[in-house]
Amino acid sequence: MTMLRRRSLLTVAGLGGAALALPTAVAQAAPAAAPAPAARPGTPRPIDLPEPTVRRTVGTVSLHLVDQDRQDPFVSGPRELMVQLWYPALGNGGAPRAAYTTTRVGAAFEESLPVDPGTIAALRPTARTGAPAVPDRLPLLLLGHGRQGGRSNCTALAEELAAHGYLVAAIDHTYDAAAVEFPDGRLVRSVLEADPADWDAAERKEVSARVGDLRFVATELTTGRTARRAGLPRADRRRIGAFGHSMGGSAAAEAVRQDSRFVTGLNLDGGFFGSPVADEGLDRPFLLLTSLADHDTWQRWRQHQRGWGRQLQLRGAGHLSFTDLPHAAGPGHLADHLPADVYSDLFGTVAPERATAVTRAYVRAHFDRFLRGRPSPLLEAPSRRHPEIAFVWSRG
């Protein structure tokens, strides 16, 4: 990890912001190290994300939510969000296959992500847009993206959880996300600096905004107006968890610290930045799944964690291995545009399909245990079926 600064690595986006988050010297060196090839003609072939491990239709729907009680920390006016739900459906009802993201948001990602044009649009989820939701009250999982990423970044993981009976709500953190498109056609881009002069202040502001978003969406989906809208999946307010990739994982931890409604949380390879979690720990269960063996904020968290806790390392992973991006990197020829060591830092050596399978298994095992009372041996000891996982630290 020699070429990436610790904050650049552990706050890099799940999609779209990788180039922005690289140190300036590295970003400038990339063209010299590997001249960009000429654009490849034609429309990229579809890139199918891995299907869920159970045969069950997953539905998805996007919501435009406005928190009239909270001032947006980045602009004047109330906080405005786009939220995507994934949920178990009662068959597809003839609903169309969902797009990975909107055309304009996909194009915005590709402005900073050096893949072949059209690669993001070629990604294909399995979910069906607007498929009829099951009538049950479902355990709710709030999902946050990496810095300057977007709500679609962990679609394969969200679909797996939904197929197994969860309601997953992924939030576009407006003005942090690379781009957010609203129903009226507005495209709002990230206003975050790639390398702030004061990282601590920037991260406190960003995490605070994200936690406010998580808490607002949890309220809307359990007791607010959105919870009463006909046709939407129903959330169980007694079973709520928070998780996220990179900065999204840090915000999930802070949400658990602040709000007793969040029963448990999970962090996918994020440093504990922007909050007191590293130095106070949490009194509720929390899982840290990492690519690096260690980091100073993780060390401090382990010393102060009061509730059940685990740090598991996915050996051979890179920082982005926990997202959908590895599935696009090969077909989009991303390696042609980045120095080899930077590409390795971001993607590691684990195959995309395997990274997705292992991440799905451990994330689901964690939430099954703490939101459904289903213990799993995966969380207790190394598994022969998942030899890539190393137990770094355990409590409880």
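Quick notes
- Summed over region 165-185, the residues that are among the hydroxyl-bearing types (Ser, Thr, Tyr) and more than 16 Å from residue 75 (Cα to Cα) give a count of 1.
- Here region 357-376 is the region considered, the condition is being under 20 Å from residue 387 (Cα atoms) and in contact (Cβ under 8 Å) with a residue 40 or more places away in the chain, and the residue that is surrounded by the fewest Cβ atoms within 10 Å (Cβ to Cβ) is 357.
- Checked against (1) buried (at least 19 other Cβ atoms within 10 Å of the Cβ); (2) without any contact (Cβ under 8 Å) to a residue 60 or more places away in the chain; (3) among the charged types (D, E, K, R), residue 354 meets all criteria but (1).
- Residues in region 160-191 that are among the aromatic types (Phe, Trp, Tyr) and either surrounded by 19 or more Cβ atoms within 10 Å (Cβ to Cβ) or closer than 18 Å to residue 236 by Cβ (or both): 166, 175.
- Tally of residues being part of a loop (DSSP other than H, G, I, E, B) and touching a helix residue (DSSP H, G or I) at 6+ places or on another chain (Cβ under 6 Å) across region 357-387: 3
- Single unsatisfied condition, residue 216 versus (1) assigned to a helix (DSSP H, G or I); (2) under 13 Å from residue 169 (Cα atoms); (3) touching a helix residue (DSSP H, G or I) at 6+ places or on another chain (Cβ under 7 Å); (4) not acidic (Asp, Glu): (3)
- Pairs where the first residue, in region 50-61, is in contact (Cβ under 8 Å) with a residue 12 or more places away in the chain and the second is among the basic types (Lys, Arg) and part of a strand (DSSP E or B), C-beta under 9 Å, 6+ apart: 57/128; 58/128; 59/128; 60/128
- Some residue of region 145-156 being on the phi > 0 side of the Ramachandran plot and not small (Gly, Ala, Ser): yes
- Output for region 197-237, where each listed residue is in contact (Cβ under 8 Å) with a residue 12 or more places away in the chain and basic (Lys, Arg): 204, 205, 210, 215, 234, 237
- For region 226-245, the tally of residues that are closer than 18 Å to residue 368 by Cβ, of a type outside the set (Gly, Ala, Ser) and crowded, with 24+ Cβ neighbours inside 10 Å stands at 2.
- From the list 320, 338, 289, 268, the one residue that fits, being aliphatic (A, V, I, L, M), in contact (Cβ under 8 Å) with a residue 60 or more places away in the chain and touching an Asp or Glu at 6+ places or on another chain (Cβ under 8 Å), is 289.
- Within region 272-290, one or more residues are closer than 28 Å to residue 219 by Cβ, out of contact with any His (no Cβ under 7 Å at 6 or more places or on another chain), of a type outside the set (D, E, K, R) and surrounded by fewer than 19 Cβ atoms within 10 Å (Cβ to Cβ).
- Subset tally (residues that are within 21 Å of the chain's Cα centre (by Cα) and charged (D, E, K, R)) for region 220-244: 2
- Top-ranked residue of region 71-120 - restricted to ones that are of a type in the set (Lys, Arg) and either buried (at least 16 other Cβ atoms within 10 Å of the Cβ) or in contact (Cβ under 8 Å) with a residue 40 or more places away in the chain (or both), ranked as nearest to residue 209 (Cα to Cα): 79
- Some residue of region 206-216 being over 16 Å from residue 65 (Cβ atoms), touching a Pro at 6+ places or on another chain (Cβ under 9 Å) and surrounded by fewer than 24 Cβ atoms within 10 Å (Cβ to Cβ): yes
- Single unsatisfied condition, residue 338 versus (1) surrounded by 22 or more Cβ atoms within 10 Å (Cβ to Cβ); (2) closer than 23 Å to residue 241 by Cβ; (3) over 19 Å from the mean Cα position of the chain (by Cα); (4) hydrophobic (A, V, I, L, M, F, W, C): (2)
- Taking the criterion of being out of contact with any strand residue (DSSP E or B) (no Cβ under 6 Å at 6 or more places or on another chain) and buried (at least 19 other Cβ atoms within 10 Å of the Cβ), the residues of region 121-149 that qualify are 121, 125, 126, 145, 147, 148, 149.
- Evaluation of residue 276 against (1) touching a helix residue (DSSP H, G or I) at 6+ places or on another chain (Cβ under 9 Å); (2) in contact (Cβ under 8 Å) with a residue 24 or more places away in the chain (one fails), failing number: (2)
- All told, residue 303 falls short of being buried (at least 22 other Cβ atoms within 10 Å of the Cβ) and closer than 23 Å to residue 262 by Cα.
No lab work stands behind these numbers, since they all come straight from the coordinates. For clarity, every value in this text was computed on a predicted model and none was experimentally measured. For neighbour counting, all protein chains shown are included, and Cβ atoms are generated from backbone atoms with ideal geometry for every residue, glycine included.
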